[in-house]
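Heads up, the thing below is written out as structure tokens.
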Amino acid sequence: MVTKVIALSIHPATTTRRKLLCDSSRAASIILFPVAIDSQFADVAVADEEENTYSNPNIPASPEERSGLIVLRVAEVAQFQEKILRAILNGDIKDTIVTPQQIVFGTQILLRNSNLAGNMKQMISDEIPRKKQREASVKAANTMNALQKLSSTAAKLTELKPVDYEELANLYRLVRVELNGLYELLPAKEKDKYYGYFVAVTEYEKKIAEGIYNPDLDGVLQFDYDK
């Protein structure tokens, strides 16, 4: 029996934010389709094909993602990572391991590519009502502390035991809960705006991943953050 080592998080610095969620979505799909582990995580050819897709000059550059959209996107990544860890822990994914190095490296890339701290700061300062800003600041701090603890906890390990899978999954859950709570502090208009952007970019990435995106028919994805 071959044991698969799966990459949990964000890939090297050349990874775009658009690819960030596609990679996480692909990883999460093994929970529903365990037999697809070989084709989704072991094939270098698949990785090469994906890289070619994302460098396709016929695909317009995706718009800048910031503030509430980044908060929702990172919360989704955390949810995917938590599900994968719990699926491995519960035996729903067989003969698969995650290495501590993947957790450390993935967390670092996630923080750098998303500029999460900066986007949360902007969101709190510019969009969350003043009376809720203290609560928002606490949630932002809790999020960053949980992500730092993910990295520092994994860095002390040489391999993940069941108790480690549980602890790391709980930290990902904390990230998700705090980010969703931060999003809920936005005024209704801003929540609707960012959720609409979230749905739009998710559908956009799905079409790209499936190879059916056509800029002439689907249009170019654009966000108006000032409206």
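Some observations on this one:
Conditions tested, residue by residue: (1) out of contact with any helix residue (DSSP H, G or I) (no Cβ under 6 Å at 6 or more places or on another chain); (2) over 19 Å from Glu76 (Cα atoms); (3) of a type in the set (Lys, Arg).
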{"residue": "Lys156", "(1), (2), (3)": "yes, yes, yes"}
{"residue": "Glu167", "(1), (2), (3)": "yes, no, no"}
{"residue": "Arg173", "(1), (2), (3)": "no, no, yes"}
{"residue": "Leu182", "(1), (2), (3)": "no, no, no"}
{"residue": "Leu185", "(1), (2), (3)": "no, no, no"}
{"residue": "Tyr194", "(1), (2), (3)": "no, no, no"}
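- Residues located in segment 147-169, provided they are open to solvent by less than 50 Å² (accessible area, probe 1.4 Å), in contact with a Leu (Cβ under 8 Å, 6 or more places away or on another chain) and outside any loop (DSSP other than H, G, I, E, B): Leu147, Leu150, Thr153, Ala154, Asp164, Tyr165, Leu168, Ala169
- In summary, Met144 fulfils each of the numbered conditions (1) hydrophobic (A, V, I, L, M, F, W, C); (2) open to solvent by less than 20 Å² (accessible area, probe 1.4 Å); (3) free of Cβ contacts under 8 Å to residues at least 60 places away in the same chain with the single exception of condition (2).
- Residue match in segment 42-63 (condition: assigned to a helix (DSSP H, G or I), modelled with pLDDT under 90, surrounded by 15 or more Cβ atoms within 10 Å (Cβ to Cβ) and of a type in the set (Asp, Glu)): yes
- Any chance Glu135 is open to solvent by 40 Å² or more (accessible area, probe 1.4 Å), touching a residue at least 24 places away in the same chain (Cβ under 8 Å) and in contact with a strand residue (DSSP E or B) (Cβ under 9 Å, 6 or more places away or on another chain): no
- Residues of segment 170-189 that turn out to be under 15 Å from the mean Cα position of the chain (by Cα), buried (at least 19 other Cβ atoms within 10 Å of the Cβ) and touching a residue at least 40 places away in the same chain (Cβ under 8 Å), as a count: 4
- Search result, residues across segment 154-169 that are of a type in the set (Val, Ile, Thr) and in contact (Cβ under 8 Å) with a residue 24 or more places away in the chain: Thr158
- Residue list for segment 103-132, restricted to those being open to solvent by 40 Å² or more (accessible area, probe 1.4 Å), polar (S, T, N, Q) and assigned to a helix (DSSP H, G or I): Gln108, Gln122, Ser125
The values are calculated or read from the model by the stated rules, or taken from the named source; none is laboratory data. Remember, predicted model here, so these are calculated numbers, not experimental data. Neighbour counts are summed over all protein chains in view; Cβ atoms, including those assigned to glycine, are modelled from backbone coordinates with ideal geometry. When the accessible area is computed, the model is the full protein with side chains, heavy atoms only, and any ligands, DNA or RNA have been set aside. Shrake-Rupley method; radii C 1.70, N 1.55, O 1.52, S 1.80 Å.
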